[in-house]
Amino acid sequence: MRKIKLYVAMSLNGMIAKADGQLEWLETMPNPDNSDYGFKNLYDSIDTTIQGYSTYKLILDRGIEMPTKDKTNYVFTRKTDIADEKYVQFVKQDHINFTIKLKQQKGKDIWLLGGGQINTLLFNEDLIDEIQVFVMPIVIETGIKLFEHIPKEKMITLEDTVSYKSGVVELKYSVKSN
């Protein structure tokens, strides 16, 4: 079965974006080693992405061409009046069953890009297999939490940690189904 991997950067106080969705703070982080923080390894291990509509809209609003156009991309939304686009298929209902079936298909793993609402939705349904969080050396006043709303209480297993000269700390967890 394919794994869903949540690979995400967050502030020290648990924010994955500022309140308006802005991510420019990530670009200001020092990176003296020019590390990709394992991104190439993640990217090579997946052939599919899942993200929420707000995350997708943030990419569009920044005028960025779909950065994962060589992958199959699903955007979860509650909007019913939206048509699929060149590099994106919109999943408008039954998100949980869709995800269960997607995990059962043949292929590489699946990258969950976020945001906080979809992270919680899939976490609460035991559909996330790995969480790789990069804690950035910054505190953001207000923002979007790694898990929005109320995630279920669940123990997860720390598999690895890496400290970088930049002050970033990588935490890699496995998530076992309850």
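The values are calculated or read from the model by the stated rules, or taken from the named source; none is laboratory data. Quick caveat: nothing in here was measured; it's all calculated off a predicted structure. Note that we place each Cβ from the backbone using ideal geometry, even for glycine, and neighbour counts take in every protein chain shown.
Listed values, structure above:
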quantity	calculated
Near pairs, Cβ below 7 angstrom, 6+ apart or cross-chain, from the stretch 131-142 (touching a residue at least 24 places away in the same chain (Cβ under 8 Å)) to any residue that is of a type in the set (G, A, S)	F134/A9; M136/A9; M136/S11; P137/G167; I138/S11; V139/S11; I140/S11; T142/A19
Residue within the stretch 27-47 that is surrounded by 13 or more Cβ atoms within 10 Å (Cβ to Cβ), over 16 Å from L146 (Cβ atoms), of a type in the set (A, V, I, L, M, F, W, C) and modelled with pLDDT under 95 present	yes
Strands (runs of 3 or more DSSP E) contained entirely in the stretch 19-117, each with at least 3 residues that are in contact with a helix residue (DSSP H, G or I) (Cβ under 6 Å, 6 or more places away or on another chain)	109-114
Subset of the stretch 118-144 [in a helix (DSSP H, G or I) and either touching a Phe, Trp or Tyr at 6+ places or on another chain (Cβ under 6 Å) or crowded, with 18+ Cβ neighbours inside 10 Å (or both)]	I118, N119, T120, L121, L122, F123
Where T157 falls short, out of the listed (1) out of contact with any strand residue (DSSP E or B) (no Cβ under 7 Å at 6 or more places or on another chain); (2) on the phi < 0 side of the Ramachandran plot	(1)
Of all residues making up the stretch 160-178, the number that are touching a strand residue (DSSP E or B) at 6+ places or on another chain (Cβ under 6 Å) and of a type in the set (K, R)	1
Some residue of the stretch 143-162 being under 27 Å from D20 (Cβ atoms) and in contact with a Leu (Cβ under 8 Å, 6 or more places away or on another chain)	no
In the stretch 59-116, the residues that are among the aromatic types (F, W, Y), buried (at least 17 other Cβ atoms within 10 Å of the Cβ) and without any contact (Cβ under 8 Å) to a residue 40 or more places away in the chain	Y74, F90
Which numbered condition F98 misses (of (1) modelled with pLDDT of 95 or more; (2) under 25 Å from K172 (Cα atoms))	(2)
Those residues of the stretch 9-18 which are closer than 28 Å to L102 by Cα and touching a helix residue (DSSP H, G or I) at 6+ places or on another chain (Cβ under 8 Å), in sequence order	A9, I16, A17
Any hit, the stretch 128-145, residues being more than 25 Å from L12 (Cβ to Cβ), modelled with pLDDT of 95 or more, more than 13 Å from the chain's Cα centre (by Cα) and of a type outside the set (A, V, I, L, M, F, W, C)	no
Of the criteria (1) part of a helix (DSSP H, G or I); (2) at pLDDT 95 or above; (3) surrounded by 15 or more Cβ atoms within 10 Å (Cβ to Cβ), which one K5 fails	(1)
